[in-house]
Amino acid sequence: MFFKKKEQRSYDPKLKKPMIRASICNGEQVAGFKDLATGAFEEVMLIRDDADLDAFKKEFGISGDIEKVY
C-alpha cells in the first residue's frame, strides 16, 4: 500500500491565534484559529478528549496552553 506521509500544517501567528471554542450547554469543543484582523473563527477539528487536543497541537506545532472561549 502507498500512503502519503502526513505533513505538519502551519499557521501564521501574526495573523491567527489558536483557540478552543467550547459550548456551555453540551460541552462540545472545537479547535481552530481566530483571525486577529476580523475576529472570524476557523474551525479545524472536533476535540473529544486529550488525545485529540494533543493531535491538534502536534499537527500545527503549537506548544503550551490554548485559550478556551465559551
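Just to confirm a number: summing +1 for Lys and Arg and -1 for Asp and Glu over residues other than A51 whose beta-carbon lies under 13 angstrom from that of A51, what do you get? Mind showing how you got there, number by number?
Values: positive: R48, K57, K58; negative: D49, D50, D52, D54, E59.
That sum, taken over residues with Cβ under 13 Å, equals -2.
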Under 5 Å, built H, 5+ apart or other chain: amide partners of V44: A31, G32, F33
- prompt: Which percent of Cα-Cα pairs in the chain sits in each 10 Å bin, short to long?
  reply: 19, 51, 24, 6, 1
message: Can you work out the Karplus-derived ³J(HN,Hα) for every residue in the stretch 38-43? Use 6.51 cos²θ - 1.76 cosθ + 1.60 with θ = phi - 60°, whole Hz, and x for glycine or proline.
response: 9, x, 6, 9, 9, 6
statement: Here the stretch 15-29 yields Karplus 3J(HN,Hα) values (6.51, -1.76, 1.60; θ = phi - 60°; whole Hz; Gly and Pro given as x) of 10, 9, 10, x, 8, 10, 9, 10, 8, 6, 5, 10, x, 5, 10
- line: Karplus ³J(HN,Hα) for the stretch 58-67 (6.51 cos²θ - 1.76 cosθ + 1.60, θ = phi - 60°; Hz, whole; x = Gly/Pro) runs 5, 4, 9, x, 9, 10, x, 7, 10, 5
- prompt: Taking neighbour Cβ counts within 10 Å as the exposure measure, how do Y70, Y11 sort from fewest upward?
  reply: Y70, Y11
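Bear in mind that the values in this text are calculations on the coordinates, not laboratory data. None of these values were measured; they are calculated from a predicted model. All Cβ positions, even for glycine, are placed from backbone atoms using ideal geometry, and neighbour counts span all protein chains on display.
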